[in-house]
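Readers should treat all values here as calculations from the given coordinates under stated rules, not as data from a laboratory. Everything quoted here is computed from the prediction, not taken from an experiment. Here the Cβ is made from the backbone with ideal geometry for all residues, glycine too, and neighbour counts use every protein chain on show.
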């Protein structure tokens, strides 16, 4: 028999706010998380369902979750309005995963789709105090990429060098991201940009110290 909690979560996934509210009033837990890490507030943030976010918030949903953090995952999915809502409602913008060290900036700068949304998210996170020099934990697996992907002690600027646009890189640099910061393998952001065959405009932004100039 399907539990009240699971019925509530199923309704949240379908965007059926009336049923979510009804089931919570009958005793369902708005913070219920299924074995795969799904919960109502995560679904709302991922899908950019602001009405559902508002409902979850009124019913006491937790915003700082470890394994399925809504801020990081909304950022990963390029959902600017979700990120904005979460920041405005007190989500911890200094959050990073204990296992991986990744923060919301790392999650934002892991895909090249929705690039204008991601640029806006980076701007918003920086303004909210998210650490632009936070390093990941070397050797840990990450959910930000596909399979068999392991972290290298990189900062958000390392990822931006590989996947971000010029605006994202500029925003990070202006906020104090260090272009000379080395990952666990001794590589800097311009190394990452070089591996990913970024154009000269991007690479020029990442120059530091005595790195040879780019014509």
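Does residue 130 qualify as being surrounded by 16 or more Cβ atoms within 10 Å (Cβ to Cβ) and over 16 Å from residue 153 (Cβ atoms)?
On the way: surrounded by 16 or more Cβ atoms within 10 Å (Cβ to Cβ): yes; over 16 Å from residue 153 (Cβ atoms): yes.
In short, yes.
For segment 1-89, list the helices (runs of 4 or more DSSP H) that sit wholly inside it and hold at least 3 residues that are under 20 Å from the mean Cα position of the chain (by Cα) and under 23 Å from residue 109 (Cβ atoms); which are they?
Numbers: elements: 4-14, 17-25, 40-47, 50-58, 70-76, 80-88.
So the answer is 40-47, 70-76, 80-88.
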When you go through 209, 176 one by one, which is the residue that is surrounded by fewer than 13 Cβ atoms within 10 Å (Cβ to Cβ) and touching a residue at least 40 places away in the same chain (Cβ under 8 Å)? 176
